[in-house]
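K.L.:
Right, I'll just put the structure down here and ask away after.
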Amino acid sequence: MERLNWGMIGGGEGSQIGPAHRLGAGLDGAFIFAAGALDHRPSAGRAYGQTLGLTPDRSYGDWREMLEGERGRADAVDLVTVATPNATHFEITKAFLEGGFHVLCEKPMTMTVEEGEEIVKLSQSTGKICAVNYGYTGYSLVRHMRAMVSRGDLGHVRVVVAEFAHGHHADATDADNPRVRWRYDPAQAGVSAQFADCGIHAMHMASFVVGQDIERLSADTVSCIKSRVLEDDAMVNFRMSGGTVGRLWTSSIAIGRQHGLTLQVFGEKGGLRWSQEQPNQLYHMPIGKRLQVIERGEGGLSPEADRTSRVTVGHAEGMPLAFANIYKDLAEAIHARKNGRDIDPAADLYPRAEDGLRSMAAVFAVAQSGQSEGQWVDARPPMFR
Ligand code: NAI
């Protein structure tokens, strides 16, 4: 298959998420890293891009220069990843969609619901893909959970319990550390801190696996470290479009927890439990039977699981390979469009702009409910009501 050209904005030297994107995009040989504007400091971005193998003319100083430079090229990038800080996502994603590029945007996709709606409309009107990096849905066994639910292995799903609780902002003496403080400052982070940063991954995963949208929610948001304006811990109850009840806990003060993303699904015929820190095992409890451990890579799973598994059973696969599965889906989606054919249904699972928008609506609903003693509020974006 023809290799696609890939570009990246943000993800410069020392960034947290840049390396995982480069590993993920490069893993299957589907994308060539061809262009980038990697840093908010033009000279640092240009220099770092070249150390990563970009040619000097395609290692750009900023994203506007990259947009201009790529637009006229016969070998222009087929996909642009936006991995800059949150407040810049909207402007950059909008400009590249309008410029005729497919985009993979980091989460949260935008800062407001209105911006999210604009991106969804733009993706529809331009016909360009706007994916959002809920990259943990790329794990093979998360795909398998979704397949099990959709083929009815659990029957109707009664309750889904999601967690994304870590303990990395638990030290009160760290509250004024500039690297931590901005995350809880409404001027820089928006209306929500921990839910917007981590809770939305858990909520999106619940929705992805159960195959239902979030309709209403009630949130209890607290700042355990009193100097923080925005929440560092939240418990969110929600109701989904197919009647499933949702419970979600997210926290940044949970000392002893590391990444802490887990999902439990309880249906009429069985239960599932998956945890991101041990992503190669899925626990399945069929009603009335013994607990079964499903191993990533074993035979007889779903096409969705088989497509997203690379090394043989018993060898660990981790987070960059989950991101690689988002890129693998996007490569298939781009090739399908280029060749005027249908996408492989097992690849048609990458998170969309619509998912990014639903998350923004949930962020604002959590903030609103949290400020009104947990009052139940509509969690749907206006355009999907
Ligand atoms: P970071 O602060 O570690 O790195 C940001 C990078 O973007 C830096 O290299 C910086 O120089 C560059 N940058 C800033 N403004 C720029 C601009 N205008 N043009 C070009 N480059 C620019 O941030 P981090 O943690 O890597 O987060 C980036 C984004 O990724 C955030 O939106 C965050 O929410 C998201 N993220 C997503 C994760 C996921 O699992 N999907 C995990 C971690 C972060």
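K.L.:
For A131, what residues show an amide H to amide H distance below 5 Å, using hydrogens built from the backbone and excluding near sequence neighbours?
P.N.:
Hits under the 5 Å cutoff: V103, L104, C105.
K.L.:
In sequence order, what are the phi-derived ³J(HN,Hα) couplings for segment 159-171 according to the Karplus relation 6.51 cos²θ - 1.76 cosθ + 1.60 with θ = phi - 60°, rounded to whole Hz, with x for glycine and proline?
P.N.:
In residue order, the calculated couplings are 9, 10, 10, 10, 9, 9, 10, 10, x, 7, 10, 8, 8 Hz.
K.L.:
Turning to a different aspect of this structure: What share of Cα pairs, in percent, lie more than 20 angstrom apart in segment 1-152?
P.N.:
49
K.L.:
Under 5 Å between amide H atoms, partner at least 5 residues away or on a different chain: which partners does V159 have, H built in plane at 1.01 Å?
P.N.:
Placed amide hydrogens put V245, F266 under 5 Å from V159.
K.L.:
Which value in deg cm²/dmol, rounded to the nearest 500, describes the helix-derived mean residue ellipticity at 222 nm for the chain, given -39,500 (n - 2.57) per DSSP H run of n ≥ 4 and division by the residue count?
P.N.:
The helix-only estimate for the chain comes to -10000 deg cm²/dmol at 222 nm.
K.L.:
At a 10 Å Cβ-Cβ cut-off, how would you order S251, S372, fewest neighbours first?
P.N.:
S372, S251
K.L.:
Using only the alpha-carbon atoms of the chain, report the extent along each of the three principal axes, biggest first, to the nearest angstrom.
P.N.:
Principal extents (largest minus smallest coordinate, Cα): 61, 52, 39 Å.
K.L.:
Going by amide H atoms built from the backbone, whose H comes under 5 Å of the H on M8, apart from near neighbours?
P.N.:
Counting only residues 5 or more places away or on other chains, the set is A35, G36, A37, T81.
K.L.:
Once phi is turned into ³J(HN,Hα) by the Karplus curve 6.51 cos²θ - 1.76 cosθ + 1.60 with θ = phi - 60°, what whole-Hz value does each residue of segment 72-85 show in order, with x for glycine and proline?
P.N.:
With the stated coefficients, segment 72-85 comes to x, 8, 5, 9, 4, 4, 8, 8, 10, 9, 9, 10, 9, x Hz.
K.L.:
Could you sort the peptides 257-266, 67-76 by per-residue average Cβ neighbour count (10 Å cutoff), highest mean leading?
P.N.:
Ranking the peptides 257-266, 67-76 by packing returns 257-266, 67-76.
K.L.:
Okay, moving on. How would you order 331-339, 205-213, 112-120 from highest to lowest mean count of nearby Cβ atoms within 10 Å?
P.N.:
205-213, 112-120, 331-339
K.L.:
Counting other beta carbons within 10 Å of each residue's own, what order do D185, D153 fall into, fewest first?
P.N.:
D185, D153
K.L.:
Using Cβ counts within 10 Å as a stand-in for footprinting exposure, how do R64, R143, R22 rank, fewest first?
P.N.:
The most exposed by this proxy come first: R64, R22, R143.
K.L.:
In sequence order, what are the phi-derived ³J(HN,Hα) couplings for segment 238-254 according to the Karplus relation 6.51 cos²θ - 1.76 cosθ + 1.60 with θ = phi - 60°, rounded to whole Hz, with x for glycine and proline?
P.N.:
Ordered by residue, 3J(HN,Hα) equals 9, 10, 10, 5, x, x, 6, 8, x, 10, 9, 10, 10, 7, 10, 10, 7 Hz.
K.L.:
Span-like helices, the chain: DSSP H, alpha-carbon axial extent 18 Å or more, mean Kyte-Doolittle 0.0 or greater, which ones? Walk me through the numbers before you get to the answer.
P.N.:
On the way: long enough: 113-126 (20 Å, -0.53); 319-338 (29 Å, 0.07); 353-371 (27 Å, 0.26).
Those that pass (Cα extent of 18 Å or more, hydropathy at least 0.0) are 319-338, 353-371.
K.L.:
Okay, next question. Longer than 30 Å from Cα to Cα, which of K128/K269; K94/K226; K107/K226; K269/K328; K107/K289 are they? Say none if no pair is. Don't skip to the answer; put the middle values down first.
P.N.:
On the way: K128/K269 40 Å; K94/K226 37 Å; K107/K226 27 Å; K269/K328 33 Å; K107/K289 39 Å.
Table pairs above 30 Å Cα-Cα are K128/K269; K94/K226; K269/K328; K107/K289.
K.L.:
Right, something else. Antiparallel as a % of all DSSP beta bridges within the chain, to the nearest 5? Provide the component values of the computation, followed by the final result.
P.N.:
Numbers: 39 of 65 bridges.
Percentage antiparallel, nearest 5: 60.
K.L.:
Below 14 angstrom from the Cβ of L154, what's the summed charge of the other residues (Lys, Arg +1; Asp, Glu -1)?
P.N.:
With Lys, Arg at +1 and Asp, Glu at -1, the neighbours total +4.
Only the coordinates and a few stated rules stand behind these numbers; no lab work does. Please read all numbers here as calculations on a predicted model, not as lab measurements. Cβ: placed from backbone, ideal geometry, glycine included. Neighbour counts: every protein chain shown.
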